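Undergrad: Take this structure, written in structure tokens, and hold onto it; I'll ask about it next.
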Amino acid sequence: MATIPVENPATGATIREVPVTPPEDVAAVVERARQAQPAWEALGYAGRGQILKRAQQWLLQHADEVADTIVAETGKAREDALLVEIAYGVNALGFWPAKAPKWLADERVRTTNPLVLGRRMVVRYRPVGVVGVIGPWNYPLVNSVGDAIPALAAGNAVVVKPSEVTPLTSLLFERGLHECGLPEGVFQVAVGTGETGAVLIDHVDMVMFTGSTRTGRKVMERAAQTLTPVSLELGGKDPMIVLADADLDRAANAAVYYSMQNGGQTCISIERVYVEAPVYDQFVAKVTEKTKALRQGPPDGPGSVDVGAMTFPPQLEIVEQHVQQARDAGARVLTGGHRRAGAGRFFQPTIIADADHSMTAMREETFGPTLPIMRVQDADEAVRQANDSPYGLGAAVFTKDVAKGERLARRIEAGAVCVNDAAVNYLALELPMGGWKASGLGVRHGPAGLRKYTRQQAVMTYRLPLKRELHFFPYNARVTGLITRGLKLFFGRGSRRV
Ligand code: NDP
């Protein structure tokens with residue numbers, strides 16, 4: 001059986017070899033899921049909820065083992081595993097089973113059209129069947145397992161294709177779900193390369209993809225062949241705007257945290273900053289001082305390091321190129337700016353001042369521990385620059401005038417905007433989270449983030465049907481005239497607003 005080695009990016013050591021599901025075996029994996037799904041759906045919300053809530057307890061009890069696994073395969077700081085990934089997973093395992101009965105309940109609909117009066121109308125949400133979840137390497141729990149949870153709560157079977165770089169967390173969670181009584185075949189992990197992911201698209205009933213915009217386009221193209229619905233959570237270049245009246249300490253702390261947290265490898269984050277001229281120098285001095293104080297290295301227990309490793313080898317080169325190109329184009333690198341010497345794959349926490357839009361660091365997703373900062377004259381220029389991007393995932397505005405902050409937030413082209421905060425909207429599972437423009441299609445979280453794992457069915461029931469409706473054959477000029485006059489009476493002169 002073919003295997004792939006999983007490496008610890010913080011040390012360079014091989015953790016273990018994992019068996020792969022070659023593309024030619026994917027159909028059989030999906031078939032197993034298809035066989036298992038009807039019984040899972042038949043368990044109902046309560047039955048499924050019981051197992052998912054057991055999994056919530058399992059995750060809490062195995063938090064150390066799960067965190068060890070995440071830290072080992074990603075090289076991230078332990079807090080990034082515990083406070084983000086495990087905290088998210090624990091919340092999601094309680095949230096989705098609790099919301100599913102409400103958000104997927106039959107909806108009674110009434111019509112104002114007189115031609116169909118007397119019918120009972122219901123919108124019903126039925127699980128699609130088998131959902132394929134294709135995940136990236138930056139958050140092996142949140143972005144692979146995390147998307148499986150609502151799909152399972154809705155009554156689907158799930159096949160997860162984690163990134164080949166970080167498959168261990170999904171495999172561990174698969175073990176956990178089985179220990180909690182999840183029937184065989186309902187949740188499976190297909191470890192493999194991009195080709196395994198591509199073939200998965202051909203067989204499943206819906207695809208939840210998280211990853212780069214480039215691969216997202218390929219996923220949509222492939223899914224078009226079978227008309228399989230897709231939900232795409234893609235790359236971002238999230239702007240932060242700092243107005244002159246902002247609490248600069250809060251803004252600087254947030255800028256450093258949300259740009260460097262998880263080694264800067266987070267989709268919704270801070271990837272670029274626009275600061276109003278009067279406070280620009282002060283802001284730059286504050287973030288530089290705070291960044292110089294960050295501790296980096298191979299993660300150990302809690303509190304051991306702030307910024308971990310770069311998980312994916314080619315990403316280190318992209319970060320290096322963005323920093324070098326900014327330097328060449330005239331930016332000032334005030335701290336960091338280089339790979340860290342020694343074992344493991346690290347890039348130093350880096351502040352890039354005097355950046356502008358001629359620099360790739362301001363225009364393309366860097367996905368590393370860097371913070372490029374640009375001076376702007378006023379809020380209008382900041383919004384213009386923020387929107388000058390192909391991406392539209394998240395954004396942040398910092399100001400003490402929250403009304404103004406919200407007015408600016410509403411002008412930014414992004415799926416989520418925070419005022420005096422950043423990225424934490426992701427933790428409110430009630431809020432839809434989805435990218436605009438090249439950042440994605442569809443949403444995760446919120447009612448739409450659950451309903452996307454279902455098909456809508458309109459059910460219309462006529463309890464006391466007539467033998468023959470007025471509009472049935474044979475057509476008759478008198479009846480047609482009657483209906484036409486009736487329509488004029490009903491809809492004419494604005495008497496009915498429908
Ligand atoms: P990729 O797009 O390279 O890969 C994502 C997943 O798709 C991996 O499992 C990959 O497999 C698989 N894959 C590769 N090619 C294909 C294909 N042709 N068909 C189907 N699946 C395929 O992304 P990364 O793993 O590099 O993740 C980083 C990216 O993810 C960043 O751009 C980031 O912004 C984005 N991201 C977006 C988030 C969001 O919510 N919007 C959240 C987190 C990350 P393999 O790894 O084995 O090649």
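Laboratory data are not the source of any read-out in this text; all were calculated from the coordinates shown. Just so you know, these numbers come straight off a predicted model, no measurement behind them. A quick note on method: Cβ atoms are made from the backbone with ideal geometry, for glycine too, and the neighbour counts reach across all protein chains shown.
Undergrad: Just to check your reading of the model, which residue among GLY181, GLY146, GLY176 is more than 7 Å from the ligand (Cβ to nearest atom), on the phi > 0 side of the Ramachandran plot and touching a residue at least 12 places away in the same chain (Cβ under 8 Å)?
TA: GLY181
Undergrad: Out of curiosity, is ILE373 over 21 Å from the mean Cα position of the chain (by Cα) and closer than 30 Å to THR11 by Cβ?
TA: On the way: over 21 Å from the mean Cα position of the chain (by Cα): yes; closer than 30 Å to THR11 by Cβ: no.
Taking the combined requirement at face value, the residue does not satisfy it.
Undergrad: Right, here's the next one. Taking only region 133-149 into account, find how many residues are farther than 20 Å from HIS178 by Cβ and of a type in the set (A, V, I, L, M, F, W, C).
TA: Selection size over region 133-149: 3.
Undergrad: Among (1) over 29 Å from the mean Cα position of the chain (by Cα); (2) outside any helix (DSSP H, G or I); (3) not basic (Lys, Arg), there is one condition ILE270 misses while meeting the rest; what is its number?
TA: So ILE270 meets the others, but not (1).
Undergrad: Can I ask one more? Can you name the residue in region 126-159 that is assigned to a strand (DSSP E or B) and touching an Asp or Glu at 6+ places or on another chain (Cβ under 8 Å) and is also nearest to GLY235 (Cα to Cα) among such residues?
TA: Among residues in region 126-159 that are assigned to a strand (DSSP E or B) and touching an Asp or Glu at 6+ places or on another chain (Cβ under 8 Å), the one nearest to GLY235 (Cα to Cα) is VAL133.
Undergrad: Being touching a Ser or Thr at 6+ places or on another chain (Cβ under 9 Å), closer than 25 Å to ILE15 by Cα, within 14 Å of the ligand (Cβ to nearest atom) and free of Cβ contacts under 8 Å to residues at least 60 places away in the same chain narrows it down to one residue among VAL191, VAL160; which is it?
TA: Details: VAL191 fails: free of Cβ contacts under 8 Å to residues at least 60 places away in the same chain.
That would be VAL160, the only listed residue that is touching a Ser or Thr at 6+ places or on another chain (Cβ under 9 Å), closer than 25 Å to ILE15 by Cα, within 14 Å of the ligand (Cβ to nearest atom) and free of Cβ contacts under 8 Å to residues at least 60 places away in the same chain.
Undergrad: Another question about this same structure. Quick check on my filter: what residues within region 208-265 are assigned to a strand (DSSP E or B), more than 9 Å from the ligand (Cβ to nearest atom) and touching a Lys or Arg at 6+ places or on another chain (Cβ under 8 Å)?
TA: The answer is MET208, SER231, PRO239, MET240.
Results for (1) more than 26 Å from PRO5 (Cα to Cα); (2) buried (at least 20 other Cβ atoms within 10 Å of the Cβ); (3) without any contact (Cβ under 8 Å) to a residue 24 or more places away in the chain; (4) over 18 Å from the mean Cα position of the chain (by Cα), shown as yes or no for each residue.
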{"residue": "LEU60", "(1), (2), (3), (4)": "yes, no, no, yes"}
{"residue": "THR69", "(1), (2), (3), (4)": "no, yes, no, yes"}
{"residue": "ALA72", "(1), (2), (3), (4)": "no, yes, no, yes"}
{"residue": "ALA77", "(1), (2), (3), (4)": "no, yes, no, yes"}
{"residue": "LEU83", "(1), (2), (3), (4)": "yes, no, yes, no"}
{"residue": "ALA98", "(1), (2), (3), (4)": "yes, no, no, yes"}
{"residue": "LYS102", "(1), (2), (3), (4)": "yes, no, yes, yes"}
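Undergrad: When the residues of region 436-464 are filtered to those that are under 24 Å from LEU83 (Cβ atoms) and of a type in the set (Gly, Ala, Ser), which remaining residue is surrounded by the most Cβ atoms within 10 Å (Cβ to Cβ)?
TA: Restricting to residues being under 24 Å from LEU83 (Cβ atoms) and of a type in the set (Gly, Ala, Ser), the top hit is GLY449.
Undergrad: State which residue is farthest from the ligand (Cβ to nearest atom) when the search covers only region 328-381 and only residues that are aliphatic (A, V, I, L, M) and assigned to a helix (DSSP H, G or I).
TA: So, considering only residues that are aliphatic (A, V, I, L, M) and assigned to a helix (DSSP H, G or I), the one farthest from the ligand (Cβ to nearest atom) is ALA379.
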